[in-house]
1. Of the residues 49, 83, only one is touching a residue at least 60 places away in the same chain (Cβ under 8 Å) and of a type in the set (A, V, I, L, M); which?
2. Within segment 1-19, can you find the residues that are open to solvent by less than 40 Å² (accessible area, probe 1.4 Å) and not in a helix (DSSP H, G or I)?
3. In segment 101-115, which residues are open to solvent by 80 Å² or more (accessible area, probe 1.4 Å) and closer than 22 Å to residue 23 by Cβ?
4. Do you know which residues across segment 20-31 are assigned to a helix (DSSP H, G or I) and under 15 Å from residue 82 (Cβ atoms)?
5. Quick check: anything in segment 152-171 open to solvent by 60 Å² or more (accessible area, probe 1.4 Å), modelled with pLDDT of 85 or more and of a type in the set (Phe, Trp, Tyr)?
6. Would you pick out the residues in segment 116-128 that are closer than 26 Å to residue 157 by Cβ and open to solvent by less than 70 Å² (accessible area, probe 1.4 Å)?
7. Got at least one residue in segment 42-49 being of a type outside the set (A, V, I, L, M, F, W, C), out of contact with any Gly (no Cβ under 7 Å at 6 or more places or on another chain) and closer than 20 Å to residue 123 by Cα?
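The values are calculated or read from the model by the stated rules, or taken from the named source; none is laboratory data. Note that this is a predicted model, so its numbers are computed, not measured. Note that each Cβ is placed from the backbone with ideal geometry, even for glycine, and that neighbours are counted across all protein chains shown. With ligands, DNA and RNA removed, areas are computed over all heavy atoms of the protein, side chains included. Shrake-Rupley method; radii C 1.70, N 1.55, O 1.52, S 1.80 Å.
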Amino acid sequence: MIYIKLFIEFFKIGLFSIGGGLATLPFLYDLANKYTWFDKEMIVNMVAVSESTPGPIGVNMATFAGFHSGGIFGGVLATIGLVAPSIIIIITIAHFLEKFKESEYVKSVFYGLRPAVTGLIAAAGFEVLKIAILNLDKFKEFGQIRNLINMKATILLVILLYLTNKYKKHPIVYIGLAAVIGVVFKF
């Protein structure tokens, strides 16, 4: 039963998350609330792993979530569920490409989708910020302002923002640096 649910849920995510892998995050947060497959904190880990491994982030996150929820077969089904809508839509569009190519309606649809995709990505970024930087759960527990902000994560964020803007190195350098610093912060 979990395999059918995994396929259907990730099929819906693939069907409605337009704009790339980060646009899937609001849907993944919804899944975290709906099922016990993974929690919101694990989504932050999914983003970190998916961003640092080769391949599309959405596919990597679907594979990670499916594997965590249903093993290897769950990972395969979640991934197939995520990409199936795109394949179906692209094949359909390719069939009618000449008719759609210069359509003002199609151009208008894509013009309207841009702000929606931007909003989905911004909402996903805010959710990651709440979990990674703001300790909202601890703030509710202790009620002290110093517990609101994860200072180590905030310092790391500021340092990495500075370094990425000052030195134009390959992103893997900063991912590796952040991983090392994260390990050091744990001790």
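1. Details: 49 fails: touching a residue at least 60 places away in the same chain (Cβ under 8 Å).
Every option except 83 fails the conditions.
2. The answer is 17, and nothing else.
3. 107, 109, 110, 111, 114, 115 - these are the residues of segment 101-115 that are open to solvent by 80 Å² or more (accessible area, probe 1.4 Å) and closer than 22 Å to residue 23 by Cβ.
4. Restricting attention to segment 20-31, the residues satisfying the condition of being assigned to a helix (DSSP H, G or I) are 21-31.
Correct list: 21, 22, 23, 24, 25, 26, 27, 28, 30, 31.
5. Looking through segment 152-171, at least one residue is open to solvent by 60 Å² or more (accessible area, probe 1.4 Å), modelled with pLDDT of 85 or more and of a type in the set (Phe, Trp, Tyr).
6. Residues of segment 116-128 that are closer than 26 Å to residue 157 by Cβ, as a first pass: 117-128.
The answer is 117, 119, 120, 121, 122, 123, 124, 125, 127, 128.
7. Of segment 42-49, the ones of a type outside the set (A, V, I, L, M, F, W, C) are 45.
Add one more test, that the residue is out of contact with any Gly (no Cβ under 7 Å at 6 or more places or on another chain), and what stays is 45.
With the extra rule that they be closer than 20 Å to residue 123 by Cα, the set shrinks to 45.
Yes, segment 42-49 contains a residue that is of a type outside the set (A, V, I, L, M, F, W, C), out of contact with any Gly (no Cβ under 7 Å at 6 or more places or on another chain) and closer than 20 Å to residue 123 by Cα.
Here's the yes/no breakdown for (1) in contact (Cβ under 8 Å) with a residue 60 or more places away in the chain; (2) assigned to a helix (DSSP H, G or I); (3) on the phi > 0 side of the Ramachandran plot; (4) in contact with a helix residue (DSSP H, G or I) (Cβ under 6 Å, 6 or more places away or on another chain):
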| position | (1), (2), (3), (4) |
| --- | --- |
| 90 | no, yes, no, no |
| 93 | no, yes, no, no |
| 102 | no, no, no, no |
| 108 | no, yes, no, no |
| 111 | no, yes, no, no |
| 115 | no, yes, no, no |
| 122 | no, yes, no, no |
| 127 | yes, yes, no, yes |
